[in-house]
Every structure is written in C-alpha cells, then in structure tokens.
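Here the structure is laid out as structure tokens; the discussion comes afterwards.
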Ligand SMILES: [Zn+2]
C-alpha cells in the first residue's frame, strides 16, 4: 500500500444495517448458503483423474504416449465434449466444431514448428488460431504444474487454451474481433475455464473429479501462480491480469456461466480490471516496491483513518487499538496476529507477526505475503467491530464471508483515485489478499474466533463481492 497524494474524504461510504428490511425484495437465489460454494456442497473428496475410467483417444502429433500426453488427451476430450453440448445451450444458433490439431513437444528436446514458432526451449501451452491447434510442453510445463498443484493444474491450463478456441470459434458472439486486446481474450479464457471447472465439480466429467474445498483451492492456486507480475499494465500486449483479475474472471464463469464470459469486452475490462503499473506513489522502502512497513506509525495511522472514513456513516463507536500484543478476551477466542475483543471494543495487534506477514518473500527464501495481507487482516478485525456495533452476530455461519466481503469493500475504497484518507492500493496488493485468502488459516475470511470459511473459493468470492459492490451489498448477501 502507499499513502495517496490526495486525501479527500469519501462522500458516500455505505452504511451497515442489520435490520431485515435490507434484504427484503432481494431477488431469490441472490442470498447464498454460506455452507456451500456457489450453490454446490463444500466437499473435500478426491480431485484429479477418476480411477478405473478408460483413457480417451485423440490424434496427437509428436506425442510420446506418456503420462503427461494422456492427461492432456483426457482433459481435451472432456473439455471438447463439454463445449459441444454447452455452446448451443448458451449461445443460440451456435455450434462447437472440434479443434483441428493437437501437438505435444518436449521443451528440452527437439522443437516443432507451429503457429510460426519454434518450440525449442519454450515451456508453454497455447492455442493457435492460424491452424486451429492446441500445443503443450509435456517435458517441463505440464510436469511442473502437476508437481506443484496436482493434476487439476494441468487440466486448468489446458482448459484455458480451449477457452481461446471457444472464443475464436464464437467470434462476434464472444466479442472477439481482429483488434481485440490480449487482456480481453485472456480474461475470457479464464472465465470459460471456470465454466468447465464447475461442470467437473458437478461430477459430470468422464475423466476428472474436483472437490469444491481442497480441489478448487488448488485450481485457484494455479491461477494465482500464472498471474502477471505486480506492476504489469493490463494494456500491454500479452497481459493476462493480476491473480485477483484472473481469479475474478474464473469465478464469473464458475458462478454465472458462459454467457457472462462473452460479456467481457474492452468496456467491461476498463471498468473492472485492477492490474496497473507502478507509479510515483508506489515507492520502494526496502520491502519491495509498493510494500510499506506496517509497524511504522504513519501507515497504521493512515489505515485507521481509511477505516474510520469507510465506516463513518455506520454511526458505530470505533474500536480502540492496542499495539502491545494479544491479550485474553472475555467473550471471544483470540486470533493472531490481530484480534478483536467485543466486550472491550478493542483491536489488539501483534506487530512483529504482522511485519512478518507483511514482508514479501525474497527469491529463494520463505517470507510472508506482502503489506496488504497484514493491512487487510487488521481491517477484517475492524469490520468485526462495526458488525458488532450494528447488531450482527460475530460467529454465525456467514460471519467469515461477511468479514471478507467488508474487508473487500474497504479495499475497494482505497482503490479509487480520490482514495479516502491517505491509504492507496498499490499494484500487487490485491494478489496479496488472494494469497492470504487461499492460505489454510485465512484471518481475513474468519469470524471473531478465527474460524475461517472452509472454501477458499467462497472466501475470495466474498472479498471480491465487497471490492466490486461495496459494503451494503455485503450486508444484503451475507446475512443469515
Ligand atoms: Zn491465454
């Protein structure tokens, strides 16, 4: 985070109300069941290739008949079967023609010529519109993905490439033309990947299964891994989006289906995308560019101001902050490295541990996440104080999601050019939130006692809901 150059008070911070009238008249189906993920039961069963199912058969050029090629073939057979049925359903009058060529290569071995490209040394997977082909590196890329995140990571990446095939075949029906910028195509491909992954999660795929807990977490961790580096401009040729942007697009597809993906165009991207280059306000203060030392008074003060500003219309008495470590609380279990105690309306901070979380990992070393993860952890506890003051329970089934959503709403306010009271989002900040939300013991998406929402997908979705739609939407959607 940085301190913005303009400190303008926000005129329209949303009010929090617990009264039932807020949810009256909201469309049916709008209120999610917090025990589910996008309407599906949260499961922690197996994820990956189904056992005892015969392999699919596709004609692959230059393959070696090994495990990686078979994993790719089973994926591509299922994803094509899916789109063959889904395209006519989602896009009236359209049909899906299978992809014409599949090619495998080993980036460490002899290269092949495809799409005017020599694949020697190129660890990649790609769709080529010139000859309607999908090509993958079985030597380095696919095994690396499988080792790091499990076999569904390979399925994710190849489903993304098929997403490009889908968009090219749909053309204008998917808002694709000769001058469509990379970011639109990539965001659509991530979105189409989400549509397909839901079909697997619904157990409709022949070769794969995906649990909505652990399994879907690994898919989102794959999306995080293939993000653009912080500070990339979304307008750059080849831009794919930050992790937050990529996961958001994936979630649109998973939750809302293929028609939502086709709505992604330049105007939609300009409104929503968060990826931006560093600017003068994103200084390097020894923690990497855009990363502040959270124990410095000026940052804690700016955080406090931005939170008070974000919630000023709630009428709540703001909590006091104790920077001297975590102490026992009468009416809640304590959480670390920040905790909220309802009976004293106090937030307590363990600053050394917050600094650890707030320090990004250096190459080759284990580190924390980045400054925003630490700021957002504090913001999440602050939002519990506001929830308490406005009559919400702090430990019901929706408390974790409501907290993540309200933290996202605060983050959304710090992302405006007229960002409230000093704090301003830096490139990479939202990806740090995603990393914290996907970690085992996320505090941003946990209730007052530190009980985290069991699905990483649901955590990131709730944070995104707040970020994009503000705190009144959080209250409406995440109330029981
Ligand atoms: Zn792509």
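Descriptive notes on the structure:
- For the stretch 174-215, the tally of residues that are away from the ligand (no atom under 13 Å from the Cβ) and assigned to a helix (DSSP H, G or I) stands at 11.
- Against the conditions (1) surrounded by fewer than 18 Cβ atoms within 10 Å (Cβ to Cβ); (2) modelled with pLDDT under 95; (3) in a loop (DSSP other than H, G, I, E, B), residue 360 satisfies every one except (1).
- Screening the stretch 132-164 for residues that are over 24 Å from residue 201 (Cα atoms) and more than 16 Å from the ligand (Cβ to nearest atom) and picking the one that is surrounded by the fewest Cβ atoms within 10 Å (Cβ to Cβ) gives 140.
- In the set (1) outside any helix (DSSP H, G or I); (2) touching a residue at least 40 places away in the same chain (Cβ under 8 Å), the condition left unmet by residue 432 is number (1).
- Scanning the stretch 114-131 for residues that are under 31 Å from the mean Cα position of the chain (by Cα) and either more than 18 Å from residue 185 (Cα to Cα) or more than 15 Å from the ligand (Cβ to nearest atom) (or both) gives 119, 121, 122, 123.
Yes/no per residue for (1) assigned by TED's automatic domain parsing to the domain that holds residue 179; (2) touching a strand residue (DSSP E or B) at 6+ places or on another chain (Cβ under 7 Å); (3) not in a loop (DSSP other than H, G, I, E, B):
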site	(1), (2), (3)
252	yes, no, yes
260	yes, no, yes
287	no, no, no
294	no, no, no
307	no, no, yes
317	no, no, no
327	no, yes, no
333	no, no, no
339	no, yes, yes
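- Qualifying residue in the stretch 33-53 (condition: over 23 Å from residue 210 (Cα atoms) and surrounded by 12 or more Cβ atoms within 10 Å (Cβ to Cβ)): no
- Residue tally, condition in a loop (DSSP other than H, G, I, E, B) and within 31 Å of the chain's Cα centre (by Cα), over the stretch 69-96: 5
- Meets criteria (within 16 Å of the ligand (Cβ to nearest atom) and modelled with pLDDT of 95 or more) for residue 232: no
- Considering the conditions (1) in a helix (DSSP H, G or I); (2) surrounded by 24 or more Cβ atoms within 10 Å (Cβ to Cβ), residue 388 is excluded by exactly one of them, (2).
- Any chance residue 301 is in contact with a strand residue (DSSP E or B) (Cβ under 7 Å, 6 or more places away or on another chain), surrounded by fewer than 15 Cβ atoms within 10 Å (Cβ to Cβ) and either assigned to a helix (DSSP H, G or I) or without any contact (Cβ under 8 Å) to a residue 60 or more places away in the chain (or both): no
- Among the candidates 100, 94, 116, 36, the residue that is out of contact with any helix residue (DSSP H, G or I) (no Cβ under 9 Å at 6 or more places or on another chain) and either at negative phi or modelled with pLDDT under 90 (or both) is uniquely 100.
The values are calculated or read from the model by the stated rules, or taken from the named source; none is laboratory data. The shown structure was predicted, so the numbers you read here are calculated from the model rather than taken from an experiment. Here the Cβ is made from the backbone with ideal geometry for all residues, glycine too, and neighbour counts use every protein chain on show.
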